[in-house]
Every structure is written in C-alpha cells, then in structure tokens.
Amino acid sequence: MNKIRNFMQLNGWYLLGDELWTRTRGLLRGRLLGRQLRTQGLHIGRYARLRGLRYMQIGRDF
C-alpha cells in the first residue's frame with residue numbers, strides 16, 4: 001500500500017489510475033491466454049502477438 005501512496009504523490013492521480021488500469025488489463029489478458037494455453041502463472045508482455053494458440057500447449061515449467 002505504501003508503494004501506491006508514493007507513486008501517487010510523485011506522479012499524481014491520473015498516472016496512478018492509468019498504471020492500475022494497465023496492470024489490471026495485463027493480468028486479465030495473461031489469465032485468459034493462460035487458460036487458452038492450459039497453463040498457470042503465465043505472464044505475457046504488453047505487445048506480444050500470439051498466433052496459433054489453438055494448436056499450442058505449454059507445460060507447467062515452460
């Protein structure tokens with residue numbers, strides 16, 4: 001919670017909201033793609049383009 005407060009003090013409410021929105025969207029995207037790839041804890045970069053997900057399968061310790 002202290003990190004959020006410090007970030008808000010340094011950057012303001014607008015950038016705090018933008019950062020929270022970006023992180024939430026990334027988390028949701030990672031979970032949806034992880035579910036489609038049948039894996040857990042997947043973190044995919046912001047601009048990654050994944051094609052052929054229907055044919056891919058990733059194990060646990062990829």
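The values are calculated or read from the model by the stated rules, or taken from the named source; none is laboratory data. Predicted model, so just to flag it, every value in this text is computed and none were measured. Every residue, glycine among them, receives a Cβ derived from its backbone with ideal geometry; neighbour counts consider all protein chains shown.
In region 27-41, the residue that is nearest to the chain's Cα centre (by Cα) out of those that are of a type outside the set (A, V, I, L, M), assigned to a helix (DSSP H, G or I) and within 11 Å of LEU53 (Cα to Cα) is GLY34.
Taking the numbered list (1) more than 15 Å from the chain's Cα centre (by Cα); (2) exposed (fewer than 11 other Cβ atoms within 10 Å of the Cβ) in turn, ILE58 passes all entries but (2). Taking the listed residues LEU33, LEU16, LEU28, LEU42, the one that is surrounded by 11 or more Cβ atoms within 10 Å (Cβ to Cβ) and at pLDDT 85 or above is LEU16, with no other qualifying. Contact annotation: residue pairs with Cβ atoms under 8 Å, 6 or more positions apart or on different chains, pairing a residue in region 38-62 that is small (Gly, Ala, Ser) with a partner that is assigned to a loop (DSSP other than H, G, I, E, B) and modelled with pLDDT of 75 or more, are GLY59/THR39.
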